[in-house]
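To start, the structure itself, in structure tokens.
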Amino acid sequence: MSEQILAGKTCLVTGGAGGLGKVIATKFLEAGANVVVCDVNDERLQQTSTELSSKGPFKAIKTDITSQTEVQSLFDQLIQAFGKIDVLVNNAGIMDKFDPVGDLDFELWNRVMAVNLTAPFLLSKLAVRNMLEQPKPDGRIINIVSVAGKAGWAAGAAYTSSKHGLVGLTKNTASFYGNKGIRCNALMMGGMQTNIADALKTGMNMDGYGLSAPILEAVKAPLCDLDEVAGFCLNMTYGKGASVINGACIALDNGWTGMVG
């Protein structure tokens, strides 16, 4: 059982019905939090609700986070259930197919941007507003980014641009709200065994993938352990030292970016 560092806190994890989001939600529950997860996958939501409801105060809400109306409804339900939000983890994301800009379909560009960048904006906006309404604001926003938020070779043009944009949103949010009691940081993830790989099952741009494959092969970095990443995410909320970390983009990638620059 984790130390109860989140006792009395309410946490929202997007994409929380599978992969990293589900493990983070589990860690938060074990740390004493009220936890809300949202996802678009009904089956995964039901399974996750069955697994996690016994661990603590928990709600699973089906939400299309690209819809402003549904995001508002999500927050309305969260506030009705738990009164406030203390921690937002913008975890949900979708992959592109390694298409470089010359090959990229406009609809895929829009979809990736909507999920990976516009949705975190919508969620962060509502979270910040609620956090600022608290008597002593002390909120946390954690954006799950990627090595593609730093490197140009790790994905296609859409995913790479969306994650670079999320880094910018992280730094701007940290800059404007750090002195108001809200900390915002990004975790720059390496390879993980998560649902995001589902997007590649229908095919990928082999020329685009061919740029990253030799680099990944040369680095030989293992996949990041989800439990370790979720534990780090927990400590980034209200663990020792968390209050002095703001606007940071922390690489959790087993050395990928450190070895290739």
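Here, each number is a calculation from the coordinates, and none is a lab measurement. Everything numeric here is computed off the predicted structure, so don't read it as measured data. Note: ideal-geometry Cβ built from the backbone for every residue, glycine included; neighbour counts use all protein chains shown.
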Study note, to complete from the structure: Placing each pseudo-label 7 Å from Cα in the direction of the beta carbon, Asn179 and Asp103 end up separated by a distance in nanometres of 4.8
Check your understanding: Among Asn41, Pro137, Leu252, whose Cα sits farthest toward the positive end of the charge dipole of segment 10-253 (+1 at Cβ of Lys/Arg, -1 at Cβ of Asp/Glu, about the Cα centre)?
Key -> Pro137
Review point. Quick one: which of Lys97/Lys180; Lys125/Lys150; Lys84/Lys163; Lys97/Lys240; Lys27/Lys125 span more than 32 angstrom between C-alpha atoms?
Key: Lys97/Lys180; Lys97/Lys240
Point to revise | Point-to-point label distance, Ala81-Asn110, nm (Cα→Cβ direction, 7 Å offset) | key: 3.2
Review point. For segment 17-96, what is the Kirkwood hydrodynamic radius in Å, using each pair of distinct C-alpha atoms?
Key: 12.9
Study note, to complete from the structure: One can check that the equivalent ellipsoid of segment 1-46, built from the alpha-carbon gyration tensor with semi-axes equal to the square roots of five times its eigenvalues, has lengths in Å, largest first, of 20, 10, 7
Practice item. Taking the Cα centre of the chain as origin, work out the dipole magnitude from +1 charges on Lys and Arg Cβ and -1 charges on Asp and Glu Cβ, in debye rounded to 20. Key: 920
Check your understanding: Any number yet on Rg/Rh for the chain, C-alpha, Kirkwood?
Key -> 0.95
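Which value in Å does the Kirkwood hydrodynamic radius of segment 1-140 take, with 1/r averaged over all unlike C-alpha pairs and then inverted?
That comes to 15.6 Å for segment 1-140.
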Revision key, fill the gap. From DSSP H assignment alone, runs of 4+ in the chain each adding -39500 (n - 2.57), the sum over residues rounded to the nearest 500 puts [θ] at 222 nm at -13500 deg cm²/dmol
